[in-house]
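The values are calculated or read from the model by the stated rules, or taken from the named source; none is laboratory data. Bear in mind the structure is a predicted one, so any value in this text is a computation, not a measurement. Heads up, the Cβs are rebuilt from the backbone with ideal geometry, glycines too, and the neighbour counts pull from every protein chain shown. In case anyone asks, the SASA skips ligands and DNA or RNA and just uses the protein heavy atoms, side chains included. Shrake-Rupley method; radii C 1.70, N 1.55, O 1.52, S 1.80 Å.
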Amino acid sequence: MSGSNSSSPAVGGVDARRDEPLTLTVHTLPNPGEALARDPAATRAGRVKMLLLLLVAASPVIASYLTYYVIRPEGRRNYGELIEPQRPLPHWVGVDAQGRAVPLDALTHQWLFISVADSACDAQCERHLYLQRQLREALGKDKDRVDWVWLRTGAREFPERLRAALAPATVLWVDEAQLATWLQPAPGQRLSDHLYVVDPMGHWMMRFPAQADPKKMLRDLERLMRASASWDRPGRP
């Protein structure tokens, strides 16, 4: 009696099992439309991040101006008249006491406390120059953040009688007609009746009244120094 073979049957020595079917995995390819849609979104996100970084960098300047213009201590208004919109230093050339050409926009990166008068310098001119010097000195440690500036008109010759007294000042001869297109007096006043303030970014931003009260001017200057203390430093880069 012969035993049965438990192995799979074969015909003619060939395995009778059927071949298993070959299976393939097909991966979905990226949709070009979706990729194009994502790119603008990524670009917008990058721009937003860049703007946020710029805003953070500029925040000290913005905060100081908000402090001065909006949040007024004790609810008091500023004494000097704020100029709106502010006017940048023009790209003109002045002439210094040694006869050298000096671009006006080279005066940026410092607060500028400016008077305007004919080179002959009458009594009002001398009073303004004296006030500028005294008020700048009264700022104490902050005085080095403020330049005392006389923009003189009329004759180009420097007034020799004032040379020694004006040694700490920046004195530039400028064309009066040009100057009148930048600085402007209050209605009914002359350009030489006022004292003017330009911020370190080169913007004319304040005009003091004619016959101004020195104590009130000093109060405004002190507030400007406090408001800008976080970002303004003495001297030019």
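Could you give the Stokes-Einstein D for the range 81-228 in µm² per second, using the C-alpha Kirkwood radius, 20 °C, 1.002 mPa s? Roughly 140 µm²/s, to the nearest whole number. Length gained on full extension, ASP175 to MET50: 40.8 nm, using 0.36 nm per residue less the C-alpha separation.
When peptides 138-149, 198-209, 98-109 are sorted by average Cβ neighbour count within 10 Å, with the highest value leading, the order is 198-209, 138-149, 98-109.
In the range 73-168, Cα pairs under 8 Å separated by at least six residues give a relative contact order of 26 percent. Computed with a 1.4 Å probe over protein heavy atoms only, the accessible surface of the range 70-212 comes to 49 Å² per residue. Percent of accessible area on the range 158-237 owned by carbon and sulfur, 1.4 Å probe? So the carbon and sulfur contribution to the accessible surface is 55 percent.
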